[in-house]
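Encoded as structure tokens, the structure appears first; notes follow it.
The values are calculated or read from the model by the stated rules, or taken from the named source; none is laboratory data. Only a predicted model underlies this, so the values are computations on that prediction, with no experimental measurement involved. Glycine also receives a Cβ, built like all others from the backbone with ideal geometry; neighbour counts cover every protein chain displayed. For the accessible areas, the whole protein counts, side chains as well, though only heavy atoms, and no ligand, DNA or RNA atoms are used. Shrake-Rupley method; radii C 1.70, N 1.55, O 1.52, S 1.80 Å.
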Amino acid sequence: MTHQITLKPSGHQYTVADGEILLEAALDAGFVLPYGCRNGACGSCRAKVLEGTVDHGRSQKGALPDNARSEGYTLLCCATAQSDLVIECRELADSSEYPVRIMPCRVQALEKLADDVMLISLKLPVNERLAFRAGQYIEFMLKGGGRRAFSIANAPHDDGFLQLHVRRIEGGKFTHHVFESMQVKEILRFEGPHGTFHLREESDKPIILVAGGTGFAPIKSMVEHAIHNHIQRPIKLYWGARNRAGLYLHEMAAQWAAEHPHIEYIPVLSEVGPDDAWSGRSGLVHEAVLEDVADFSPYQVYACGAPGMIDAARDDFCAHGLPADEFFADAFTFST
Ligand code: FES
């Protein structure tokens, strides 16, 4: 059985089969709706069901709390239709400039940026390049059928290699492979670019960037893209990590701030140890932003990190004046 989906305010329509994810079907039909993790964690794909009923699937409570469900909201990356639907959501310009492709790639270099963070540089086939927006991600397609998503850490103009920051996950099969047995020249296959977590260049609002751990990767891509394109909007970059080693490209971020007066860099450690020799900010990264900014209404915020940080940032920043549609997020979810 199929159901007809109508998007408001555009009036665009598409059909879904029983059990088909609403977001996937919309993308297949050529409509670009906002999304990030595709795992029910980041809230980027939240939309309001005006008519009809949905099954919320594996939506996570942080991204879709009970009160939002009862107000009619759903996460399109998890929801399936149980009837014809009318859905109110934001649509983005078409993505034909950045088509999703499946490509082979070769591991060109492996470099440990910290004990638990590996920089992987990937080389694409000769004469191929991947057009992507700063902040997007790719998904490795693993031999056994699984997929693993990683944000692209380099900027689109710097496309000799694709660079990823891979954090070691306890019990994570793929990341165990990356740290223990991956070899230069290994061939992988990926699909991408994915995600609508990217810099909105049409805006002239000042920007707050919030990165947690390896959530720095897409943020790095955005900053390098902004510098390359002479985007002069003020940027406050907050990078939170547990300890000093977690700020694995601290000097690079400090240099951006030293060389560009419109960029401010605020590193924040949550578990400062005696070895860290740290005189900077401490605490949770989103709380550091709240200490500095009383009124978020003029800003645009981009946040990438663990789902808990994203949820807290969205709630607290919006409670302090940030318009909900000026908060963009990508949340990490892990597969073991
Ligand atoms: S919650 Fe749907 S894309 Fe992240």
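So which of His250, His230, His260, His225 is open to solvent by 20 Å² or more (accessible area, probe 1.4 Å) and under 19 Å from Phe197 (Cβ atoms)? Don't jump to the end; show me each part of the working.
Numbers: His250 fails: under 19 Å from Phe197 (Cβ atoms); His230 fails: under 19 Å from Phe197 (Cβ atoms); His260 fails: under 19 Å from Phe197 (Cβ atoms).
Just a single option satisfies the conditions, and that option is His225.
Taking the stated definitions as given, is Pro193 closer than 21 Å to His157 by Cα, in contact with a Phe, Trp or Tyr (Cβ under 6 Å, 6 or more places away or on another chain) and either crowded, with 23+ Cβ neighbours inside 10 Å or aromatic (Phe, Trp, Tyr) (or both)?
So Pro193 fits the description; yes.
Which of the residues belonging to region 37-56 are part of a loop (DSSP other than H, G, I, E, B) and either of a type in the set (Asp, Glu) or near the ligand (Cβ under 10 Å from one of its atoms) (or both)?
Cys37, Arg38, Asn39, Gly40, Ala41, Cys42, Gly43, Ser44, Cys45
Anything in region 53-62 that is β-branched (Val, Ile, Thr) and either surrounded by fewer than 16 Cβ atoms within 10 Å (Cβ to Cβ) or modelled with pLDDT under 95 (or both)? List them, or say none.
Thr53
Exactly one of (1) away from the ligand (no atom under 16 Å from the Cβ); (2) aliphatic (A, V, I, L, M); (3) open to solvent by 60 Å² or more (accessible area, probe 1.4 Å) is unmet by Met103. Its number?
Exception for Met103: condition (3).
Scan Leu164, Leu85, Leu122 and give me the residue that is open to solvent by less than 10 Å² (accessible area, probe 1.4 Å) and within 19 Å of the chain's Cα centre (by Cα).
Result of the check over Leu164, Leu85, Leu122: Leu164.
To keep it simple, each residue is scored yes or no on (1) touching a Ser or Thr at 6+ places or on another chain (Cβ under 6 Å); (2) surrounded by 13 or more Cβ atoms within 10 Å (Cβ to Cβ); (3) not assigned by TED's automatic domain parsing to the domain that holds Cys318.
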position: Ser10; (1), (2), (3): no, no, yes
position: Val16; (1), (2), (3): no, yes, yes
position: Val32; (1), (2), (3): yes, yes, yes
position: Cys42; (1), (2), (3): no, yes, yes
position: Ala47; (1), (2), (3): no, yes, yes
position: Leu64; (1), (2), (3): no, yes, yes
position: Thr74; (1), (2), (3): no, yes, yes
position: Ala81; (1), (2), (3): no, yes, yes
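Checking the condition open to solvent by 40 Å² or more (accessible area, probe 1.4 Å) and under 14 Å from the mean Cα position of the chain (by Cα), which residue from Ala306, Ala319, Ala277 passes?
So the residue among Ala306, Ala319, Ala277 that is open to solvent by 40 Å² or more (accessible area, probe 1.4 Å) and under 14 Å from the mean Cα position of the chain (by Cα) is Ala306.
If we scan region 57-72, do we find a residue that is in a strand (DSSP E or B) and more than 10 Å from the ligand (Cβ to nearest atom)?
No - not one qualifying residue is present in region 57-72.
Across region 13-36, what is the number of residues that are in a strand (DSSP E or B) and away from the ligand (no atom under 15 Å from the Cβ)? Full working, then the answer.
As a first pass, look at region 13-36 and keep what is in a strand (DSSP E or B): 13-17, 21, 32.
Keeping just the survivors that are away from the ligand (no atom under 15 Å from the Cβ) gives 13-17.
Counting residues in region 13-36 that are in a strand (DSSP E or B) and away from the ligand (no atom under 15 Å from the Cβ) gives 5.
Could you tell me whether Glu287 is over 18 Å from the mean Cα position of the chain (by Cα), open to solvent by 30 Å² or more (accessible area, probe 1.4 Å) and under 23 Å from Gly62 (Cα atoms)?
Here the answer is yes, as Glu287 does meet what is asked.
Determine the pairs where a residue that is without any contact (Cβ under 8 Å) to a residue 24 or more places away in the chain, located within region 31-60, has a partner that is more than 7 Å from the ligand (Cβ to nearest atom) with Cβ atoms under 6 Å apart, the partner being 6 or more residues away or on another chain.
Listed by first residue and then by second, the contacts come to His56/Thr74; His56/Ala79.
From (1) modelled with pLDDT under 95; (2) open to solvent by less than 10 Å² (accessible area, probe 1.4 Å), pick out the condition that doesn't hold for Lys173.
Tallying (1) modelled with pLDDT under 95; (2) open to solvent by less than 10 Å² (accessible area, probe 1.4 Å), Lys173 fails exactly one: (2).
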